[in-house]
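Enquirer: This is the structure I have questions about; it appears just below.
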Amino acid sequence: MFQFLLFLAAGAAHSSRVPSTDLTFASRDEHRAWLAAQAALPAGFRVGNARFEFTPREAPKPSRMTLTLLALDEPTPSFAAMFTRNAFPGAPIIVGRRRLMEPALGAVIINNKISNVCAPGGVEAAENVCAAVARELKLTPGQVLPSSTGVIGWGLPLEAMLREVPAAAASLSAASILPAAEGIVTTDLYPKIRRASVGGGSIVGIAKGAGMIEPNLATMLVYLLTDIAVPRAELRQMLARAVDASFNAISIDSDTSTSDTVVALSSGRVPFSDWGAFERGLHQVCRDLAEDVVRNGEGVRHVIRVTVRNAASLGLARSIGKAVVNGPLFKCAVAGNDPNVGRLIQAIGKHVGATAPGTDLSRLRARMGGVEIFAQGAFQLDPGKEAALVAHLRGAELYTSRPSADGVFSAPIDFPPHERAVELEIDIGNGAASAAVVGGDLTHEYVSENADYRS
């Protein structure tokens, strides 16, 4: 859904480019090969899944669900999780919060297609699935954490899921996390994997997320696995900081999901004590996955990166960036490769006028693609600059939009061709605070996806 990712920075040192890579891919096969190279599991983990057909009772039309299982060789006391702040949390969130009190965790069971939110008997269904996993893996039900994503309000096909749990357990393998990255997707165009090497171990993360994303996580499932031996208390503190700097600053469409979950698990196989190095690796993986969510968002053809500098406060820098990437007219202009920068300036002025009317904007300067477009209270444009702006917009386009034979718009790609973005720099000129914001455009594809989500 129309994407927005926000990374906060107390200063310029934290406003560097995100993600940590500058990748290009010529084909799906090339992207898949790169994913496979990132997918080695840390020691002490196995993943598996099972796919099956079912018919939702709420909409009698055949569908497919994937059960994905993340299992540790031994239950670990070193685990952390953060969940949505939506006041109508899904049943897995209710159960997951209970699991934070458990002395150890041994597995995570994930289903796509149905989010198990406000469905009759949802908590009982989630617990029944956990109990089935526990029986297969010789765990207690309290050592299994559930996750669900998909349509809100529908009930789980519990009997079918219970039948498939043994198959998911039988498929467990320590070879690669790629089957899990594939198994958790819904409207995602492609799976997402990121890793970091730390000491003699690694951190490997996967994410699902494409829409219904607003700060306080997103319609996202994120799983971070490491073999670095990190104590429980430290892991939970570090995860909270990493989430605040990445996933908790994402907005796709200003809607906060009912199912947001970020889980970190340590198998404890690799002794380590440089927590600074570990936390830097954790932040890298989270930041990279967060931008992957944006680039892979529903209908996104352009990623928009806004860097706001020299604002009076971090909050103002952050909110100005958000106002720009959430402005529907500006987002539409970017979608059409139209450098209608008047929409950019109006979005800034609208926000400042409503929330910080005393702010002096007389020194505001703005650049797009390195081209100065606004300074000293006036636009700085000419035909040559307009042509350069169009070229910049087209260079950041992920794909060309065209309708299908039946008039439906859908993305014609299933891999990310590049990591380029529409680059905006806004210098407020009256402070020292900075924030970097990444968002996306508003497209036909977004509307098509969300007008026909269930049917």
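Enquirer: Among the residues of segment 393-411, is any in contact with an Asp or Glu (Cβ under 6 Å, 6 or more places away or on another chain), charged (D, E, K, R) and part of a helix (DSSP H, G or I)?
Expert: No, because not a single residue in segment 393-411 is in contact with an Asp or Glu (Cβ under 6 Å, 6 or more places away or on another chain), charged (D, E, K, R) and part of a helix (DSSP H, G or I).
Enquirer: State all residues of segment 136-169 that are small (Gly, Ala, Ser), modelled with pLDDT of 95 or more and farther than 12 Å from residue 67 by Cα; if no residue qualifies, say none.
Expert: Answer for segment 136-169, where residues must be small (Gly, Ala, Ser), modelled with pLDDT of 95 or more and farther than 12 Å from residue 67 by Cα: just 142.
Enquirer: Being in contact with a Lys or Arg (Cβ under 7 Å, 6 or more places away or on another chain) and in a loop (DSSP other than H, G, I, E, B) is the filter here; which residues of segment 264-306 pass it?
Expert: 296 - this is the single residue of segment 264-306 that is in contact with a Lys or Arg (Cβ under 7 Å, 6 or more places away or on another chain) and in a loop (DSSP other than H, G, I, E, B).
Enquirer: In the list 45, 52, 83, 79, which residue meets the criterion of being modelled with pLDDT under 95, aromatic (Phe, Trp, Tyr) and more than 29 Å from residue 399 (Cβ to Cβ)? Break it down into steps so the answer makes sense when it comes.
Expert: Values: 45 fails: modelled with pLDDT under 95; 52 fails: modelled with pLDDT under 95; 79 fails: modelled with pLDDT under 95.
Answer to the check: 83.
Enquirer: Test residue 186 against the stated conditions and say whether it is under 26 Å from residue 447 (Cα atoms) and either crowded, with 24+ Cβ neighbours inside 10 Å or modelled with pLDDT of 95 or more (or both).
Expert: Numbers: under 26 Å from residue 447 (Cα atoms): yes; either crowded, with 24+ Cβ neighbours inside 10 Å or modelled with pLDDT of 95 or more (or both): no.
No; evaluated as a whole, the condition is false for this residue.
For (1) acidic (Asp, Glu); (2) touching a Gly at 6+ places or on another chain (Cβ under 8 Å), each residue gets a yes or a no:
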residue: 343; (1), (2): no, yes
residue: 362; (1), (2): no, yes
residue: 365; (1), (2): no, yes
residue: 371; (1), (2): no, no
residue: 382; (1), (2): yes, no
residue: 389; (1), (2): no, yes
residue: 392; (1), (2): no, yes
residue: 396; (1), (2): no, no
residue: 401; (1), (2): no, no
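Enquirer: Mind listing just one residue for me: the one in segment 85-106 that is among the small types (Gly, Ala, Ser) and surrounded by 24 or more Cβ atoms within 10 Å (Cβ to Cβ) and, of those, nearest to residue 267 (Cα to Cα)? Before you say what the answer is, go through the steps one by one.
Expert: The first filter runs over segment 85-106 and keeps only residues among the small types (Gly, Ala, Ser), leaving 87, 90-91, 96, 104, 106.
Imposing the further condition that a residue be surrounded by 24 or more Cβ atoms within 10 Å (Cβ to Cβ) reduces the set to 90-91, 106.
Details: 90: 27, 91: 27, 106: 10 Å.
Here the answer is 106.
Enquirer: Any residue in segment 269-289 that's among the aliphatic types (A, V, I, L, M): show its pairings with residues that are in a helix (DSSP H, G or I) at Cβ separation under 6 Å, as long as the two are six or more apart or on different chains.
Expert: Going by the 6 Å Cβ cut-off, the qualifying pairs are 282/238; 282/242.
Conditions (1) modelled with pLDDT of 95 or more; (2) within 30 Å of residue 58 (Cα to Cα); (3) buried (at least 17 other Cβ atoms within 10 Å of the Cβ); (4) among the basic types (Lys, Arg), marked per residue:
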position: 352; (1), (2), (3), (4): yes, no, yes, no
position: 370; (1), (2), (3), (4): yes, no, no, no
position: 378; (1), (2), (3), (4): yes, no, no, no
position: 394; (1), (2), (3), (4): yes, no, no, yes
position: 404; (1), (2), (3), (4): no, yes, no, no
position: 407; (1), (2), (3), (4): no, yes, no, no
position: 443; (1), (2), (3), (4): no, yes, yes, no
position: 452; (1), (2), (3), (4): no, yes, no, no
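Enquirer: Might you let me know whether segment 120-127 holds any residue that is buried (at least 23 other Cβ atoms within 10 Å of the Cβ) and among the β-branched types (Val, Ile, Thr)?
Expert: no
Enquirer: What about residue 364, is it in the same structural domain as residue 320 (by TED's automatic domain parsing), farther than 22 Å from residue 319 by Cα, surrounded by 12 or more Cβ atoms within 10 Å (Cβ to Cβ) and in contact (Cβ under 8 Å) with a residue 40 or more places away in the chain? Write out each step before concluding.
Expert: Details: in the same structural domain as residue 320 (by TED's automatic domain parsing): yes; farther than 22 Å from residue 319 by Cα: no; surrounded by 12 or more Cβ atoms within 10 Å (Cβ to Cβ): yes; in contact (Cβ under 8 Å) with a residue 40 or more places away in the chain: yes.
No, not satisfied.
Enquirer: Please state which of the following conditions residue 97 fails to meet, knowing it meets all the rest: (1) farther than 19 Å from residue 133 by Cβ; (2) without any contact (Cβ under 8 Å) to a residue 60 or more places away in the chain; (3) not in a loop (DSSP other than H, G, I, E, B).
Expert: Going through the list (1) farther than 19 Å from residue 133 by Cβ; (2) without any contact (Cβ under 8 Å) to a residue 60 or more places away in the chain; (3) not in a loop (DSSP other than H, G, I, E, B), residue 97 breaks only (1).
Enquirer: Additional query: Taking the residues in segment 412-453 that are hydroxyl-bearing (Ser, Thr, Tyr) and under 22 Å from residue 338 (Cα atoms) as candidates, determine which candidate is farthest from the chain's Cα centre (by Cα). Talk me through it step by step, then tell me what you get.
Expert: Taking segment 412-453 first, the residues hydroxyl-bearing (Ser, Thr, Tyr) are 434, 443, 446, 448, 453.
Now drop any that are not under 22 Å from residue 338 (Cα atoms), which leaves 443, 446, 448.
Details: 443: 19, 446: 16, 448: 21 Å.
For segment 412-453, the residue satisfying everything is 448.
Enquirer: Just wondering, is there one or more residues in segment 355-367 that are touching a Phe, Trp or Tyr at 6+ places or on another chain (Cβ under 6 Å) and in a loop (DSSP other than H, G, I, E, B)?
Expert: Within segment 355-367, the subset touching a Phe, Trp or Tyr at 6+ places or on another chain (Cβ under 6 Å) is 366.
The next check asks that each one be in a loop (DSSP other than H, G, I, E, B); those that pass are none.
No, segment 355-367 contains no residue that is touching a Phe, Trp or Tyr at 6+ places or on another chain (Cβ under 6 Å) and in a loop (DSSP other than H, G, I, E, B).
Enquirer: Report, ordered by the first and then the second residue, all pairs with beta carbons closer than 9 Å, sequence separation of six or more or different chains, a first member in segment 125-145 that is assigned by TED's automatic domain parsing to the domain that holds residue 94 and in a strand (DSSP E or B), and a second member that is buried (at least 22 other Cβ atoms within 10 Å of the Cβ) and aromatic (Phe, Trp, Tyr).
Expert: Taking only residues 6 or more apart or on different chains, the pairs are 145/79.
Enquirer: Would it be correct to say that residue 375 is in contact with a strand residue (DSSP E or B) (Cβ under 7 Å, 6 or more places away or on another chain), among the small types (Gly, Ala, Ser) and touching a residue at least 24 places away in the same chain (Cβ under 8 Å)?
Expert: Numbers: in contact with a strand residue (DSSP E or B) (Cβ under 7 Å, 6 or more places away or on another chain): yes; among the small types (Gly, Ala, Ser): yes; touching a residue at least 24 places away in the same chain (Cβ under 8 Å): no.
Spelling it out, it is not the case that residue 375 is in contact with a strand residue (DSSP E or B) (Cβ under 7 Å, 6 or more places away or on another chain), among the small types (Gly, Ala, Ser) and touching a residue at least 24 places away in the same chain (Cβ under 8 Å).
Enquirer: Now a separate question. Quick test for you: out of 50, 37, pick the one residue that is among the hydrophobic types (A, V, I, L, M, F, W, C) and either farther than 25 Å from residue 190 by Cβ or out of contact with any Leu (no Cβ under 8 Å at 6 or more places or on another chain) (or both).
Expert: Working: 50 fails: either farther than 25 Å from residue 190 by Cβ or out of contact with any Leu (no Cβ under 8 Å at 6 or more places or on another chain) (or both).
None of the other options fit; the residue is 37.
The values are calculated or read from the model by the stated rules, or taken from the named source; none is laboratory data. Because the structure is a prediction, the values reported are computed rather than measured. Counting neighbours? That spans all protein chains shown, and the Cβs are built from the backbone with ideal geometry, glycine included.
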